[in-house]
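K.L.:
A single structure is presented below for examination.
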Amino acid sequence: MSWVSTSPLQLIERETVVSRAPLCPEIQLHLVTHTCRLWRATDRDLEALELADPFWAFAWAGGQAIARYLLDHPEEVRGRKVFDFAAGGGIQGIAAALAGASCVAANDLDPIALHAASMNADLNGVHLDLAGGDLVGDPLAEFEVVLAGDAFYGSEAPAVLKWLCRLAKAGKRVLLADAGRGFIETEGLLGLAQFETPTDEDSDGTRLRPTWVYTPNP
Ligand SMILES: C[S@@+](CC[C@H](N)C(=O)[O-])C[C@H]1O[C@@H](n2cnc3c(N)ncnc32)[C@H](O)[C@@H]1O
């Protein structure tokens, strides 16, 4: 079958399988697994599909860790307004909604990620408000809890962490997760939980990634 560019919804339906993230079997997601041809897609294939790297199609270690933490500690979000930064497929936001958040906004730069997050929310019988664009630096005035799972990559990572620390100082509960990727300094953060997260995100077979859920020190 050749790659045919199509609507985001059709693409997600056609190129993913509905699976469960290993750390959060309660949650179903449209994921690219080793049985999917997107798993082996080359840059040229992605170009033919006019698709950026499909980060939304994987259950990243950080997202799984925050989701597990919220399912185990629903009091963190129950009745509160939650903002899911760099949501990807929305696993953390979906967990927040399942844990009783009053509303959850999923934010991502990639418009396809927002489609995936919305479709994944439907699979789990919850709703996510969708927020596109780069909101790093925004005071997020209407939100009480901010989630950031596996959101620290490249030269932007320290600025993202600074922003999250400012939000925490302003009184928001900030939960972030890092799987030791090395882009942020974690010494000043308070560790809330650690997981050995099964993940196949690196396309080189399933393995366990030690992953911490942190909150900025007050
Ligand atoms: C590794 S994925 C993690 C997705 C999800 N948080 C998880 O753990 O499964 C990183 C995501 O961050 C998004 N992203 C990167 N920079 C961003 C920014 N400045 N604002 C919003 N999203 C961003 C990417 O599009 C991508 O979906």
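K.L.:
Amide H of Gly100 versus every other amide H placed in the peptide plane: which residues, excluding those fewer than 5 positions away on the same chain, fall under 5 Å?
P.N.:
For Gly100, no residues qualify.
K.L.:
Continuing with this model, one more query. Once the Cβ-Cβ distance between Leu135 and Asp43 is put in as r, and R0 is 30 Å, what FRET efficiency do you end up with, to the nearest 0.05?
P.N.:
For R0 = 30 Å, the calculated efficiency reads 0.60.
K.L.:
Then there is this: Determine ³J(HN,Hα), in whole Hz, for all residues of segment 94-99 in sequence, where each value follows from phi through the Karplus function 6.51 cos²θ - 1.76 cosθ + 1.60 and θ = phi - 60°; x replaces Gly and Pro.
P.N.:
Working through the residues one at a time gives 5, 4, 4, 5, 5, 7 Hz.
K.L.:
Right, another one. For segment 122-137, in order, what is each residue's ³J(HN,Hα) by Karplus, 6.51 cos²θ - 1.76 cosθ + 1.60 with θ = phi - 60°, in whole Hz (x at glycine and Pro)?
P.N.:
So the J values, rounded to whole Hz, are 4, 4, 9, x, 10, 10, 10, 6, 10, 10, x, x, 8, 9, 4, x.
K.L.:
Suppose a student asked you for the relative contact order of the chain, using Cα pairs under 8 Å spaced at least 6 residues apart; what percent would you report?
P.N.:
About 19 percent, as a whole number.
K.L.:
For the chain, what does the convex hull of the Cα positions come to per residue, in cubic angstrom?
P.N.:
112
K.L.:
Rounded to the nearest 10 Å², what accessible area does Glu187 show when all protein chains are kept and the probe is 1.4 Å?
P.N.:
Taking all protein chains as shown, Glu187 has close to 140 Å².
K.L.:
Could you give each residue of segment 34-39 its phi-based ³J(HN,Hα) in whole Hz, using Karplus coefficients 6.51, -1.76, 1.60 with θ = phi - 60°, and x for Gly or Pro?
P.N.:
Here the 3J(HN,Hα) series is 5, 7, 9, 6, 4, 4 Hz.
The values are calculated or read from the model by the stated rules, or taken from the named source; none is laboratory data. Just so you know, these numbers come straight off a predicted model, no measurement behind them. Neighbour counts run over all protein chains shown; Cβ positions are idealised from the backbone, glycine included. To get the accessible areas, we keep the full protein, side chains included, count just its heavy atoms, and leave off ligands, DNA and RNA. Shrake-Rupley method; radii C 1.70, N 1.55, O 1.52, S 1.80 Å.
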